[in-house]
Each structure stands twice: as structure tokens, then as C-alpha cells.
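The values are calculated or read from the model by the stated rules, or taken from the named source; none is laboratory data. These numbers were taken from a predicted model, which means no experiment stands behind them. Because the Cβ atoms are built from the backbone with ideal geometry, glycine has one as well, and the counts that use them run over all protein chains shown. With ligands, DNA and RNA removed, areas are computed over all heavy atoms of the protein, side chains included. Shrake-Rupley method; radii C 1.70, N 1.55, O 1.52, S 1.80 Å.
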Amino acid sequence: MGRSRRTLPEELLLLALDPATGTTAQPQSLDLGLAGAQLVELALAGRIAPDGDRIAVVMPRPTGDPTLDSALELLRRRGSPVRAVHWIGGPRLGLRQTYLSHLERCGMVHAVETHMCGVLPTTRYQATETAISREIRARLDSAIRTGVPPDPRTAALAALAHAVGLGKHLYPGNEGRSSRSRLRDLIRHDPMGGLVAHAVMDVQNGVAAQPRRNSATGGGRPAGVPEQPRRGGMVRAAVH
């Protein structure tokens, strides 16, 4: 995989960065979303594929991206397909910082050292390549505004943004309600993105231990109507 194209985890993280505060929106659920975005990126690269509600490695050849290849190798070592909720719900300490550091090395963000409450040292990140962030946002806005089915990458990004709760960050207030609704609806346009987005929400809602039931038998959610993320999700280390 060449580095001329940004990966979905990178794009999701850039979407979540608040330009005013230098912090990431929805930090707890964002960690889950980054793990899910890795799965979608690996699927787009032809390395993994969905197998029901599980993920199977179909081509173990490295992509050339160290972080993605680490995830691919962990999946390969499982030896058999793994449920998406179990993968996303596993420990991912440091994943967000790994991607923030990568974006800093690429010159897309820069770190600002400051002190919380004037005492505790903390690091905030400001986007430097604002044109890139605007281009990512424009793709979502276009898909929402035109109603034209987006490409798989944009559809997956929309699904992940909805799953981690970025809708209120991207389209705030009452005036953003219809955009948030359309963002949610884009989840239906990419099967892998939809599978991963549902898994992210299931982990947040504490139902990862139970297999997803088929909606035809009366359980689960209707296709294309994802459950809204619940407040409180899994507690994970936050990077500000």
C-alpha cells in the first residue's frame, strides 16, 4: 500500500480533531473506531474479508503500513476468523497516540505542550494541513447533501464517524439534526463499514459477548438502522 493515500484511521482521527482546542472529540469511543477503521482499511486492501460477523484473513502479505501490518499479523495469528466485536473490544492502548505521532511525523498535525489547570502537563494537537481536513470533511458533506451513493471509502468513514458519535461534533445543534440523520443512513452503502460500525456500537453498548441475531428471526436491528451510541462506553486512556 502506497503512502500517497491516507488511511481510514488517519482520516477518522483528523475528523475528530477539534481545531479550536486541539483535543479529540469522543476520545473513548474513538479508540474503538480506530481499531475498526484498521479492519476496513485492511479489507479495502484485499487482506481481510467479512465472514458473517467474523473477520477472516484472505491475504497475509504485508501492506507496507507498519500499524496496519501489526494488526494484520495479530489477525493471522488467531488462525481462524475472529468476531469483529471481539477484535474491536480488545485492548488497544496507545493506538490513538500511535496515529497522532504518525500524523505529526507526516506534518499534518503539530504537538502543543501545555498544562491542564495550570499544573498537569498535557499535549494537544493542531492540524497544520487544514486543506486535507477540509477535503475529508467535504467528501462527507457531499455524500450527505447530494444523496448520491458514496464510494466505499467515504461510506465506511461516514459509518465509523456515526458509530463513534462524531455526528454531534461535525453537525452540531438542531440545525445539524438532518445531516446527522443522513450521516447515519450512509452506513448502508458499504457492507464492511457497516459490519465494523455495528461492532463498534455493540462494544460501547456492552453486548459484545452475545452473537448478533439475524433480524429475520426477530432479533437485532433492521439493516441500515444502526443503534445510537450510548453514553458512557468503555473507559480507555485519553489523549488530549
Could you please let me know if SER179 is among the hydroxyl-bearing types (Ser, Thr, Tyr), modelled with pLDDT under 90 and touching a helix residue (DSSP H, G or I) at 6+ places or on another chain (Cβ under 7 Å)? no
Within the stretch 131-149, residues open to solvent by less than 70 Å² (accessible area, probe 1.4 Å), touching a residue at least 40 places away in the same chain (Cβ under 8 Å) and either closer than 17 Å to LEU8 by Cα or not in a helix (DSSP H, G or I) (or both) come out as ILE132, SER133, ILE136, LEU140, ALA143
For the stretch 173-183, what are the residues that are farther than 19 Å from ALA138 by Cβ and either in a helix (DSSP H, G or I) or β-branched (Val, Ile, Thr) (or both)? ASN174, ARG177, SER181
Consider THR21 carefully, then state whether it is of a type in the set (Val, Ile, Thr) and buried (at least 24 other Cβ atoms within 10 Å of the Cβ). no
